[in-house]
Structure formats: structure tokens, C-alpha cells
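The values are calculated or read from the model by the stated rules, or taken from the named source; none is laboratory data. Just so you know, these numbers come straight off a predicted model, no measurement behind them. All Cβ positions, even for glycine, are placed from backbone atoms using ideal geometry, and neighbour counts span all protein chains on display. In case anyone asks, the SASA skips ligands and DNA or RNA and just uses the protein heavy atoms, side chains included. Shrake-Rupley method; radii C 1.70, N 1.55, O 1.52, S 1.80 Å.
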Amino acid sequence: MPIVLNGERRDVPLGCSVIELLDFLRLEPSRVAVEVDGEIVKAARWAETLLKPDAKVEIVHFVGGG
């Protein structure tokens, strides 16, 4: 199904949840923040938050430094 991920159109599995999207993208869940359709989704709700076609998803990666 198509979504808009960080401003780019992308096909992902139909009806996937946020946590399934992160797994699909091979992203480490503890290192990201997720927004769906303008709303920040708390990590505790990632498994129950299902994506709809054409959802606008923003994923921000945390980067360590020193």
C-alpha cells in the first residue's frame, strides 16, 4: 500500500502497524520517533497504530554524539 514516508512515496505492506513498518524498514525502534498524519505516536501505541493508504509518516532518527 502506498504511504508518504518523510516526504517520499513508498509502498509498504497493507495494513501494517507502526512497529511493523519499523521492522520492514529495518530501523531500531529505540532510536526513532514517529509521527503519523501530523500526530506524534508514542512508542507504547506503535503496535496498535495501523497505517492507512496515503498516510503521511515522518520518522526521525536519534543520533548519538560526543
Once every DSSP H run of n ≥ 4 in the chain is given -39500 (n - 2.57) and the sum is divided by its residues, what mean residue ellipticity at 222 nm do you get, rounded to the nearest 500 deg cm²/dmol? -2500 deg cm²/dmol
Summed side-chain charge close to Gly38 - residues other than Gly38 whose Cβ falls under 12 Å, Lys, Arg +1, Asp, Glu -1: -3
Phe62 - accessible surface, heavy atoms, 1.4 Å probe, Å² rounded to 10: 110 Å²
Compute the signed sum of charges (Lys and Arg +1, Asp and Glu -1) over the other residues within less than 12 Å, Cβ to Cβ, of Phe24. -1
Label corresponding to Cα extents along the principal axes in Å when calculated from the structure given, among (i) 35, 27, 15; (ii) 39, 24, 22; (iii) 44, 17, 16: (ii)
At 1.4 Å probe size, with every protein chain present, just tell me what the per residue accessible area of the chain comes to in Å². 70 Å²
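Roughly speaking, to the nearest percent, how much of the chain's 1.4 Å accessible area is carbon and sulfur?
Exposed carbon and sulfur together represent 53 percent of the surface.
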